[in-house]
Every structure is written in C-alpha cells, then in structure tokens.
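J.: Next up is a structure, given as structure tokens.
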Amino acid sequence: MIPSKGYAAQSATSDLAPWNFERRTLGPHDVQFDIQFCGVCHSDLHQIKDDWGGSIYPMVPGHEIVGKVVQVGSHVTKFKVGDIAGTGCLVDSCRSCDNCKEGLEQYCLKGRTDTYNALGQDGVTPTYGGYSDTIVVHEDFVLHISDKLDLAAVAPLLCAGITTYSPLRHWKVGKGHKLAVLGLGGLGHMAVKFGVSFGAEVTVLSTSASKEADAKKLGAHNFVVTSDEAQLASVAGTFDFILDTVSAPHDLNLYLSLLRVNGVHICVGVPPTPYQVHAFSLIGGRRSLAGSLIGGLPETQEMLDYCAEHGIVSEIEMIDIKNIHEAYNRMEKGDVRYRFVIDMATL
C-alpha cells in the first residue's frame, strides 16, 4: 500500500481535518501521480454534509486534480514518469456496457466509480479524492494535461469545464445560435468562455447586476438582470439554448419563457429541491427541458486539448488547504471569482 495524507470529513457534522490513509499498491495498468492542485467544487460541500444522501465516511473530497506522474504500472502505455496528468470526476466504470463502449462512462449502466465518496467496481473499496498528496488511478481514467497552460487554472476544467463543454458540444451550440448562460459562477463562467469560443451570441442571466462587468470581460455579448422585469421581457422568446448552471432553487417556468420555439433548457446545476415545471411552459413553444452530466473520458480529453489550443482556463483564486472552510463559507455566499483551487504544496 502507498501511504497518503489528506483532509477528510469523518462525519456529516465534522469539519475537514488532516487524515492519514493508504492508496492501493500499483496494479499493472495503474498510474500514480503526486497532486499539485485540486479545484474546489460546490458538490464537495454537498457531499461532505450528506446533502444528497449516501455519503461514505471518512471522506476525502476533490475531483479536479492535476499533478505529476511519479510511478506507472508495468503495462501502462499512455503515461510515463514526469508527465503532467489529471483526473476528474471518474476513476472507473464497468467498461462493458453500451455507454462505456461509446466513451460515455459518466452514464455507465452498471454504475460508474466516482473519484471520491464512492465504492470501486468491487463494491467494497472506498475512493478518496484530490484533497490529498497523491493518487492512484487506472491509466484509462487519467488525462493528459498540456504544460502550455497554468496548471492551477486547468484543474477546474476537469469538472466545471467538462460539465459545460459537454452539453454545448452535444447540442452543437455555435455560430448562429443565441445562448443564455443562467448564473455566473464556477460553471457559468466556463459556459461563457466556451459559448463565445464556439461562435454563439452569449447572454448572461444573473440576479447580480454587479457581475455585468465580469460577464463582459469573459466575452459575453449581453447581460440581463433577472430581477428586472423590463430586462426579462426584452428577451422573452429569443434564446435557442439556456445553459442553467444554478444550484439554488429557481423558477424554471420563468426561464423556459425566454426560449424560442424548439428551444432547449439544459440543466447542469443541481438545486436541493425538485423543480416544479408546468406543462404549458413546454408545450407552448415545443420547448425541451434536458440535463447533462460531466463528460466521458474521450470528450474530457478533447476538451482539455481544445483548451490548450485556444488558451482557455478557469478564473481562479488559489488557497492554502488550511483555509478550506473559509473558502466553503465564501462559496456558499457566491463570493468567489470564479473557482477556488487548493495549492496542495500547503498540505
């Protein structure tokens, strides 16, 4: 076994604190890399608190992981010692179902293995995430990271990046489309960057008028304050797509009214309570309500390569791991521009 140290929650009511544990010994297809940076995702906080149920403790969060390869298994062909590598939200899947065979491991029919707060494919071994010094992952679930970009700013691409890239690619959003991004946070700011890069006309919908300058700086063409009835009325029935990144309760019926005929509202945020959607909000314009979950391994690598080619990274604020609870408090208040990243050298 490989000794490791990290920050873990021991229960739903305990704070994260230092914890020593062990990673598995390298198998023939495993890659070990020492973690340099780990992004802080809102889902980390949800799972620590058991907001979604089924949390496994002790829990080491973190699924936006970038580091340097220090050891490879005897049959590894995709990586060598010294390579820059990353791991996102997945560390395994069944590999055999139809979805896995299509590179859609996030929708594994037999149950994917998440990077933390999950059990391995053996149904017994818990997974521990990136708030730690090192990690061991099967080479098929390790990603190549370009050294052309700021590695700390690349880390959030492994969740926030692919979560917004995947639906925009799936629905072929691009030139000639009017895209609205609902919410300008960790996910939303990446949606703006990708939407603009893909050629769409991008409008940010936000409750915070103070974010307009940031939205325009990120490349958004328009900005609408959703609490202003006149501004909302001016965009009614105009958007081809709305990418909804909001994880707080909100009225979908209101936003569905902003779609044109055949428009699609795509949910990537996860509010704590179920949506209440009236049928007339959909049938009145043959509108669609859809959702999307991260991306498979091939698409995630495609996204990372695209970002390296086009110079796209997340907007980040670096923190020491001892300040993680302060970061969580600020994140809950929306006080982050736009993703916290832990410098794991401070562990």
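The values are calculated or read from the model by the stated rules, or taken from the named source; none is laboratory data. Small disclaimer: the values here were computed from a predicted structure and weren't measured. When we count neighbours, we look across all protein chains shown, and the Cβ atoms used for this are built from the backbone with ideal geometry, even at glycine. For the accessible areas, the whole protein counts, side chains as well, though only heavy atoms, and no ligand, DNA or RNA atoms are used. Shrake-Rupley method; radii C 1.70, N 1.55, O 1.52, S 1.80 Å.
J.: At a 1.4 Å probe radius, which order do THR203, THR238 fall into by accessible area, largest first?
T.: Result of the area sort, largest leading: THR238, THR203.
J.: Can you compute 3J(HN,Hα) from phi for each residue in the range 214-219, using the Karplus curve 6.51 cos²θ - 1.76 cosθ + 1.60 with θ = phi - 60°, rounded to whole Hz and x for Gly and Pro?
T.: Ordered by residue, 3J(HN,Hα) equals 5, 4, 5, 5, 6, x Hz.
J.: Whenever you get a sec, compute what percent of the accessible area on the range 197-329 sits on carbon and sulfur atoms (1.4 Å probe).
T.: C and S fraction of accessible area: 53 percent.
J.: Hey, another quick one. Distance between the C-alpha centers of the range 121-137 and the range 305-347? Whole Å please.
T.: Here the answer is 21 Å between Cα centres.
J.: Can I ask one more? Angle, helix 160-170 long axis vs. longest principal axis of the chain, Cα atoms, 0 to 90°, nearest 10?
T.: With both axes taken from Cα atoms, the answer is about 60 degrees.
J.: Find the Rg to Rh ratio for the range 183-339, where Rh is the Kirkwood radius over alpha-carbon pairs and Rg uses the same atoms.
T.: My calculation of the ratio gives 0.97.
J.: Also: To the nearest 10 square angstrom, what accessible area does ASP228 show with a 1.4 Å probe?
T.: 60 Å²
J.: For GLN36, which sequence-distant residues (separation of 5 or more, or a different chain) have an amide H within less than 5 Å of its own amide H, given hydrogens modelled in the peptide plane?
T.: Hits under the 5 Å cutoff: VAL66, GLY67, LYS68.
J.: Now, a different point. What label, among (i) 40, 26, 19; (ii) 29, 24, 20; (iii) 34, 21, 20, belongs to semi-axes √(5λ) of the Cα gyration tensor in Å computed from the structure on display?
T.: Given (i) 40, 26, 19; (ii) 29, 24, 20; (iii) 34, 21, 20, the calculated one carries the label (iii).
J.: Follow-up. Based on DSSP H runs of at least 4 residues, each adding -39500 (n - 2.57), what is the mean residue ellipticity at 222 nm of the chain after dividing by all its residues, to the nearest 500 deg cm²/dmol?
T.: It comes out at -6500 deg cm²/dmol, rounded to the nearest 500.
J.: With all protein chains present, calculate the accessible area of PHE79 using a 1.4 Å probe and round the result to the nearest 10 Å².
T.: Taking all protein chains as shown, PHE79 has close to 10 Å².
J.: Further question: Order of 39-46, 114-121 by packing, highest average Cβ count within 10 Å first?
T.: Descending mean neighbour count gives 39-46, 114-121.
J.: Give LYS5/LYS68; LYS172/LYS193; LYS49/LYS80 a once-over and call out the pairs whose C-alpha atoms are over 26 Å from each other.
T.: The pairs that break the limit, which is 26 Å between Cα atoms, are LYS49/LYS80.
J.: Relative to the longest principal Cα axis of the chain, at what angle does helix 186-197 sit, 0 to 90 degrees, rounded to 10?
T.: Result, in degrees: 70.
J.: Please determine, in degrees from 0 to 90 and to the nearest 10, the orientation of helix 297-310 with respect to the longest principal axis defined by the Cα atoms of the chain, where the helix direction is its Cα long axis.
T.: 70 degrees
J.: Got a sec? Charge dipole of the chain, +1 on Cβ for Lys and Arg, -1 for Asp and Glu; which of ILE2, GLY311, GLY199 is way out at the positive end?
T.: The Cα lying farthest towards the positive end belongs to GLY199.
J.: Moving on to the next point. If DNA, RNA and ligands are ignored and the probe is 1.4 Å, what is the ranking of VAL261, VAL137 by accessible area, most exposed first?
T.: VAL261, VAL137
J.: A follow-up question, please. Given a 1.4 Å probe, how much area per residue of the chain is accessible, in Å²?
T.: Result: 42 Å² per residue.
J.: Expressed as a rounded percentage, what relative contact order does the chain have, with Cα pairs under 8 Å and six or more residues apart?
T.: 17 percent
J.: Over the range 29-87, what relative contact order in percent results from Cα pairs under 8 Å that are six or more residues apart?
T.: 44 percent
J.: Provide the solvent-accessible area of LEU16, counting protein heavy atoms only and rolling a 1.4 Å probe, rounded to the nearest 10 Å².
T.: That residue has around 10 Å² of solvent-accessible surface.
J.: Return the long-range amide H neighbours of THR113 (sequence gap of 5 or more, or a different chain), with a cut-off of under 5 Å between placed amide H atoms.
T.: VAL91, ASP92, SER93
J.: Taking the Cα centre as origin and putting +1 on Lys and Arg beta-carbons and -1 on Asp and Glu beta-carbons, what dipole magnitude results for the range 167-227, to the nearest 20 debye?
T.: The calculation lands at about 220 debye.
J.: Take every Cα pair under 8 Å in the range 1-160 that's 6+ residues apart, average their separations, divide by the length, and report that relative contact order as a whole percent.
T.: 29 percent
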